[in-house]
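The values are calculated or read from the model by the stated rules, or taken from the named source; none is laboratory data. As the structure is a computational prediction, the values presented were derived from the model and not from experiment. Cβ: placed from backbone, ideal geometry, glycine included. Neighbour counts: every protein chain shown.
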Amino acid sequence: MHYFIIAGEASGDLHGGALATALKTLDTGAVITFIGGNAMSEAVGETPLLHCRDMAFMGFGEVVRNIGRIQSNLRFAKDSVLAAKPDALILIDYPSFNLKVAAKAHKAGIPVYYFIPPKVWAWKKWRLATMRRLVRRVLSILPFEPEFYKAEGAEAVYVGNPSVAEVAAEVAAADSRDVFLARHKLRDRPLVALMPGSRQAEIRENLPIMAAAVDRFPQYRGVIIGSSDIPDALYARYGGRLPIVREPHAARILVHCRAALVTSGTATLETALAGVPQVAMYHGNGSEMMYKVMKRVLTIPYVTLPNLIANRDIIPELLLHHCTADSAAGHLGPLLRDTPERNAQLQGYSEISRILGTENAADNAAALIIEDLEKIRKWR
């Protein structure tokens, strides 16, 4: 069968790569067309029709400045799906873009599946009606989502969380500390990971604060975990002389770090699964007024995945005007030592791992999609 997969961001591309591999394993005749990044390219063995690095725009200002490019990307995606005439369109996160493509595919009679659906439980709940109308199967990677969908008269299936197996494999594949330090020309001193995000706007807003915070602890060495899609010059502009370290996966770096400063997003869960205490940060425009607006708009008590999954405070969340070098350093300090704060986070991480389970999300999602497509074929 022919599958068309769209992942508009680096994190979605990683999961898309695993899904593409699973589809090819379970369907030996699989043909995969995709919009994504390097992970999907490696899994499929081809280049993407459109690379996700050319699609990641964040914040109102950046979206407005690039509106022409965004509209062009959207037209291209819609036209590509219609031209390919796949047996299935599989969407990964990136809802503002992907739901518009879904509408076009649905109208053309192409079955739509959503792997890693929009966070409608947090905001924009109205998207549920759109999802119910356009999407055949919602394949969730968060264990609390199916219950939410059911309460709203919709359906979602928890297939497992891909980060569980992914991070475990990467931790196992990590080099010894001596080899790691030698390859990256680092002295043997305790490390603090800085994970400022995968978008330029995130790096601009968060990295200077992270760098200033870690600078308060001269006995530790801050290291920037770099994305393959971001040039060193951008990190250097906002992170000063901090070393930029790249590995196939962030977990291979995290295992050598005492703690981490992490931009809110999927990276917070990956850091938790790697067993590294962290402070979650999201500066944005740093506005107290925007913080108050956000508190009114969001329908959830937390914004980070570790806290949402456990449904309690596990990691500190420093958002908007609360995201300062002083506050980050204040929360980071106790995590660098053997303290109750550090131990509490590590115990919370164990709780998260139990909740997520060990199901292989990509394999389960691929199997459900293939099974459903076979049913469609029998009906026709």
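Just checking, which of PHE76, PHE144, PHE97 is surrounded by 20 or more Cβ atoms within 10 Å (Cβ to Cβ) and of a type in the set (Phe, Trp, Tyr)? Walk me through how you get there before you give the answer.
Working: PHE76 fails: surrounded by 20 or more Cβ atoms within 10 Å (Cβ to Cβ); PHE144 fails: surrounded by 20 or more Cβ atoms within 10 Å (Cβ to Cβ).
The conditions single out PHE97.
Across the stretch 1-59, what is the number of residues that are aromatic (Phe, Trp, Tyr), over 23 Å from LYS375 (Cα atoms) and in contact with a Leu (Cβ under 9 Å, 6 or more places away or on another chain)?
Total meeting the criteria: 1.
Report, ordered by the first and then the second residue, all pairs with beta carbons closer than 8 Å, sequence separation of six or more or different chains, a first member in the stretch 315-333 that is touching a residue at least 24 places away in the same chain (Cβ under 8 Å) and over 9 Å from VAL279 (Cβ atoms), and a second member that is among the hydroxyl-bearing types (Ser, Thr, Tyr) and assigned to a helix (DSSP H, G or I).
LEU319/TYR291; LEU320/TYR291; HIS321/TYR291; HIS322/TYR291
Can you give me the number of residues within the stretch 23-42 that are more than 20 Å from the chain's Cα centre (by Cα) and part of a helix (DSSP H, G or I)? Show your work before the answer.
First, the residues of the stretch 23-42 that are more than 20 Å from the chain's Cα centre (by Cα): 23-33.
Still in the running and part of a helix (DSSP H, G or I): 23-26.
Looking only at that region, the number is 4.
Hey, can you tell me all the residues within the stretch 256-268 that are surrounded by fewer than 22 Cβ atoms within 10 Å (Cβ to Cβ) and either outside the structural domain of ALA172 (by TED's automatic domain parsing) or at pLDDT 95 or above (or both)?
Once the filter is applied, which keeps residues that are surrounded by fewer than 22 Cβ atoms within 10 Å (Cβ to Cβ) and either outside the structural domain of ALA172 (by TED's automatic domain parsing) or at pLDDT 95 or above (or both), the stretch 256-268 yields HIS256, ARG258.
Per-residue answers, yes or no, for (1) in a loop (DSSP other than H, G, I, E, B); (2) acidic (Asp, Glu):
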position	(1), (2)
ARG189	yes, no
LEU194	no, no
GLY197	yes, no
GLU205	no, yes
ALA213	no, no
GLN219	yes, no
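Please go through the stretch 94-128 and give me each residue that is of a type in the set (D, E, K, R) and either in contact with a strand residue (DSSP E or B) (Cβ under 7 Å, 6 or more places away or on another chain) or modelled with pLDDT of 95 or more (or both), ordered by number. Show your work before the answer.
To start, the set of residues in the stretch 94-128 that are of a type in the set (D, E, K, R) comprises 100, 104, 107, 119, 124-125, 127.
Passing the criteria: LYS100, LYS104, LYS107.
Tell me which of these LYS185 doesn't satisfy, since it passes every other one: (1) surrounded by fewer than 16 Cβ atoms within 10 Å (Cβ to Cβ); (2) more than 18 Å from the chain's Cα centre (by Cα); (3) assigned to a helix (DSSP H, G or I).
(3) is the only condition that LYS185 fails.
Among the residues of the stretch 1-22, write down those that are hydroxyl-bearing (Ser, Thr, Tyr) and part of a helix (DSSP H, G or I).
Scanning the stretch 1-22 gives SER11, THR21.
If we scan the stretch 296-305, do we find a residue that is at pLDDT below 95, in a helix (DSSP H, G or I) and over 29 Å from HIS15 (Cβ atoms)?
So far as the stretch 296-305 goes, yes, one or more of its residues are at pLDDT below 95, in a helix (DSSP H, G or I) and over 29 Å from HIS15 (Cβ atoms).
Across the stretch 28-49, what is the number of residues that are exposed (fewer than 15 other Cβ atoms within 10 Å of the Cβ) and of a type in the set (Ser, Thr, Tyr)? Break it down into steps so the answer makes sense when it comes.
Applying the first criterion (exposed (fewer than 15 other Cβ atoms within 10 Å of the Cβ)) to the stretch 28-49 yields 28-29, 42, 45-47.
Remaining after also requiring of a type in the set (Ser, Thr, Tyr): 28, 47.
Adding up the residues that qualify gives 2.
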